[in-house]
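The values are calculated or read from the model by the stated rules, or taken from the named source; none is laboratory data. Quantities reported herein were computed from a predicted structural model and do not represent experimental measurements. Neighbour counts are summed over all protein chains in view; Cβ atoms, including those assigned to glycine, are modelled from backbone coordinates with ideal geometry. Ligands, DNA and RNA are excluded from the accessible area calculation, which covers all protein heavy atoms including side chains. Shrake-Rupley method; radii C 1.70, N 1.55, O 1.52, S 1.80 Å.
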Amino acid sequence: MQINENFLNLEQSYLFSTIAKKVNEFSANHQDAKIIKLGIGDVTLPLTKSVINAMTEAVLEMGNENTFRGYGPEQGYEFLKIAIKDYYSNKSVNLVADEIFVNDGAKSDLGNILDLFGPGTSLIPNPVYPAYLDTNIMAGRKINFLDGNESNNFLPMPEDGDGGDLIYLCSPNNPTGATYNRDQLKVWVDYATKNNSIILFDSAYECFVRDANLPTSIYEIEGAKSCAIEFCSFSKTAGFTGTRCGYTVVPHELLVNNIGLNKFWLRRQTTKFNGVPYIVQKAATAIFSKEGQEEVKANIDYYLENAQIIRKGFSELGFWLVGGDNSPYIWLKCGMDSWAFFDKLLNEAYVVGTPGVGFGTNGEGYFRISAFANRANVLEAISRIKAIF
Ligand code: MLT
């Protein structure tokens, strides 16, 4: 029996599992401590009214013999794909419905997509959302890192030398909250085109972009349809972290050796995936109604205001930081080892954040604070943090 020994090259546990374990241990030993969690980017506002109404209606349909549904199309119901397609038209991006594949959130497909590619090299930012790195390690791919640092404001650009046939980009970025502008993304698209690389673009935080000049999809950039796959999710947009729904866009123009990857992805999905529940897809479709969009905007505004409070608090304490303007994450220079900063915040302020080094070696000395929390907790966390510095 041969096992996939690439797993031996992974960290012993996934970053957010390690943090959850540490926090649980702390909480067991400090039962009176009111811990405030600004670590994993998990939403706190409940599903909105339109979403709940659509979901309830769908539940009732499922309980009625005449409207009950069994297996749905693996790639998603047409009604949701059309809603997503229309959403893209508002960004002046024209997609056809069968370029959109509904999934159970961006994380799964960001890993699953590797099924389409043979051995090769991936170009991965450092720091980075750990799922990109871990899935590439599991697949045994060679990895080149792209340096994100203070001098490039954590927005690395292509450099001569080591590249990769797959390039991972996330904007607005997890973990740093930094956001690429159009010119920067154009440089990436041109680079990928020239080098026959494919950009895997994670736009899970697109709805946090408030600056109208910033792109919210890689397809806003000319040439991107023939070199990029986009992954998005309703987790952060509409509070679907526990409900699970998102989508992957594989354009028909995307060819490798004259073979369309859209067809390969359809083949992969119909074989390995049975689709997202009807109830969930109905709920997700409601996000795109007029009321749904207004509700989502109000929720995102709330988190962005939290982000401003966090930014202000840490700026007043003199920390260098980035993010939080068009993103729910604030990335700060913590002035010490990032796990030491994690321990200090947890032990002295009962506040949980995420150590930068958990996102890669370039994250050492940095720390991520998430704005997904209720307002009172954010204010309380900042005031406790101010008291310990
Ligand atoms: C994060 O905190 O980085 C995210 O919540 C993780 C995720 O989206 O899977």
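Name the pairs whose Cβ atoms lie under 6 Å apart, with the first residue in the stretch 68-84 and buried (at least 19 other Cβ atoms within 10 Å of the Cβ), the second part of a loop (DSSP other than H, G, I, E, B), and 6 or more positions between them or separate chains? The qualifying pairs are A83/F288. Assessment of the stretch 199-218 against the conditions (hydroxyl-bearing (S, T, Y), within 21 Å of the chain's Cα centre (by Cα) and either within 16 Å of the ligand (Cβ to nearest atom) or farther than 30 Å from Y302 by Cα (or both)) yields at least one matching residue.
Under the condition of being farther than 12 Å from R368 by Cα, touching a Phe, Trp or Tyr at 6+ places or on another chain (Cβ under 8 Å) and more than 15 Å from the ligand (Cβ to nearest atom), the residues counted in the stretch 306-333 number 2. For the stretch 177-202, a residue qualifies if it is crowded, with 18+ Cβ neighbours inside 10 Å and in a loop (DSSP other than H, G, I, E, B), and the qualifying residues are G177, A178, T179, Y180, S197. Restricting attention to the stretch 203-241, and to residues there that are part of a loop (DSSP other than H, G, I, E, B) and out of contact with any Ser or Thr (no Cβ under 9 Å at 6 or more places or on another chain), which single residue is most open to solvent (accessible area, probe 1.4 Å)? Ranking the qualifying residues of the stretch 203-241, first place goes to E222.
Checking N136, N149, N174 one by one, the residue that is touching a Leu at 6+ places or on another chain (Cβ under 9 Å) and either buried (at least 20 other Cβ atoms within 10 Å of the Cβ) or modelled with pLDDT of 95 or more (or both) is N136 and no other.
For the stretch 152-171, filtered to residues that are closer than 17 Å to I229 by Cα, away from the ligand (no atom under 16 Å from the Cβ) and in a loop (DSSP other than H, G, I, E, B), the residue that is most open to solvent (accessible area, probe 1.4 Å) is D165. The residue of the stretch 334-360 that is nearest to the ligand (Cβ to nearest atom), among those that are open to solvent by less than 10 Å² (accessible area, probe 1.4 Å) and among the small types (G, A, S), is G353. In the stretch 133-142, is there at least one residue being assigned to a strand (DSSP E or B) and within 16 Å of the ligand (Cβ to nearest atom)? For the stretch 133-142, residues assigned to a strand (DSSP E or B) and within 16 Å of the ligand (Cβ to nearest atom): absent. Each residue in the stretch 9-39 was checked for being touching a Ser or Thr at 6+ places or on another chain (Cβ under 7 Å) and within 16 Å of the ligand (Cβ to nearest atom), and 3 of them qualify.
Which condition from (1) within 24 Å of L155 (Cα to Cα); (2) out of contact with any Cys (no Cβ under 9 Å at 6 or more places or on another chain); (3) open to solvent by less than 10 Å² (accessible area, probe 1.4 Å) is the one that I300 breaks? Of the numbered conditions (1) within 24 Å of L155 (Cα to Cα); (2) out of contact with any Cys (no Cβ under 9 Å at 6 or more places or on another chain); (3) open to solvent by less than 10 Å² (accessible area, probe 1.4 Å), the odd one out for I300 is (2). Can you say whether N126 is open to solvent by 50 Å² or more (accessible area, probe 1.4 Å), of a type in the set (S, T, N, Q), modelled with pLDDT of 95 or more and within 30 Å of L255 (Cα to Cα), as far as the supplied structure shows? No; evaluated as a whole, the condition is false for this residue.
The set of residues in the stretch 237-291 that are closer than 23 Å to T56 by Cβ and of a type in the set (K, R) comprises R244, K282, K290. Scanning the stretch 352-386 for residues that are in a helix (DSSP H, G or I) and hydrophobic (A, V, I, L, M, F, W, C) yields a count of 8. Across the stretch 361-377, the qualifying residues are those that are touching a Leu at 6+ places or on another chain (Cβ under 9 Å) and within 16 Å of the ligand (Cβ to nearest atom), and the one among them that is most open to solvent (accessible area, probe 1.4 Å) is Y366.
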